[in-house]
Each structure stands twice: as C-alpha cells, then as structure tokens.
Amino acid sequence: MSSRICLTNRYMKLSGKQKDIDLLKRFPNDGRIKKYWKQILKFKRTGYKVKNISLWLDYLDLLSYFGKDINNPHYLFPSDFTKAHDRFVKKKRAVQEREWKEARKRREIQRLNALNERLNEFIKAKRQILRHNIQQREYRRDCTQQL
C-alpha cells in the first residue's frame with residue numbers, strides 16, 4: 001500500500017525517500033500536496049501538531065481564498081487552530097451568502113426585465129389591433145357616407 005502511495009505523486013515519492021511515509025499517510029491524495037508542498041515542509045520542520053490534516057489543508061485553502069500569506073508562520077500555525085479555522089469558515093460563508101444573494105437579485109431583475117419586455121410586446125400588438133379596428137370602422141363609415 002505504501003509503495004503505491006509513494007509512486008502516485010512525485011512529492012510523496014520524495015518524502016518517501018526521506019522516511020516520512022507516516023506523515024504522508026495522514027495527507028489526503030487530492031492534489032493539495034503539490035499545491036502546498038512548501039507549507040507541508042514547514043509543517044514537518046516545526047513539528048506543529050494537528051489532529052486532522054485535511055482540516056489544516058482546508059485552512060490553507062481558506063487562507064489562499066482570502067489572499068493571506070500562506071508562508072507566514074502566524075497564519076500557517078495559529079495558536080488556536082480550530083478557532084482560526086472556524087473564523088475563516090464563517091467569513092467565507094458570509095462572502096458566499098452575499099454572492100448568492102447578489103446572484104439571486106440579478107436573476108430576479110433579469111426575470112422582471114424579460115416579463116416587462118413581453119408585456120411591452122403584448123401592449124404593442126394590442127395597439128396594432130386597435131388601430132386596425134379603428135381604421136376598419138373609419139373606412140366603413142366613409143363608405144356609408146359616400147352612398
């Protein structure tokens with residue numbers, strides 16, 4: 001099993017040579033190892049302890065999302081990890097809610113604009129029908145007056 005893990009990813013293979021297979025077993029093989037390789041090396045060097053590595057990688061994703069310096073130890077290794085993670089999760093959720101509300105408002109405006117356009121087309125068609133009817137009446141009236 002461990003040899004298959006080491007061969008799937010160049011970074012895992014490098015760490016396997018360094019006898020860090022136990023560390024790498026804790027990291028999910030989802031492409032984030034390559035993305036955060038420098039931070040993982042810092043993680044290994046500092047001896048920072050986290051119960052859930054996936055949560056730490058999620059935290060790195062959140063830091064990247066908000067444009068924080070993911071090489072800064074202040075952000076990489078907070079003293080209260082769960083509190084820092086939860087704070088950024090709430091912040092991202094608030095941003096996503098705001099974006100969702102704005103998108104919903106845009107969709108509603110588009111829907112109302114389309115409805116307004118259809119209503120204007122209907123009114124225009126009704127006007128044409130009324131004009132046609134008025135013209136028909138005037139024509140008939142002119143014809144009867146000429147007789």
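Checked across region 76-85, the condition of being touching an Asp or Glu at 6+ places or on another chain (Cβ under 9 Å) and either closer than 18 Å to residue 31 by Cα or among the polar types (S, T, N, Q) (or both) holds for no residue.
For first residues located in region 114-126 and surrounded by fewer than 10 Cβ atoms within 10 Å (Cβ to Cβ), partners that are of a type outside the set (Ser, Thr, Tyr) and in a helix (DSSP H, G or I) and lie 6+ apart or on another chain with Cβ distances below 7 Å do not occur. Hey, can you tell me all the residues within region 48-77 that are among the acidic types (Asp, Glu) and under 19 Å from the mean Cα position of the chain (by Cα)? If the condition is that a residue be among the acidic types (Asp, Glu) and under 19 Å from the mean Cα position of the chain (by Cα), then 58, 61 are the ones that fit. Among residues that are modelled with pLDDT of 90 or more and surrounded by 14 or more Cβ atoms within 10 Å (Cβ to Cβ), residue 23 is not included. The set of residues in region 47-73 being surrounded by 13 or more Cβ atoms within 10 Å (Cβ to Cβ), among the charged types (D, E, K, R) and part of a loop (DSSP other than H, G, I, E, B) consists of 68 alone.
The values are calculated or read from the model by the stated rules, or taken from the named source; none is laboratory data. Just so you know, these numbers come straight off a predicted model, no measurement behind them. Because the Cβ atoms are built from the backbone with ideal geometry, glycine has one as well, and the counts that use them run over all protein chains shown.
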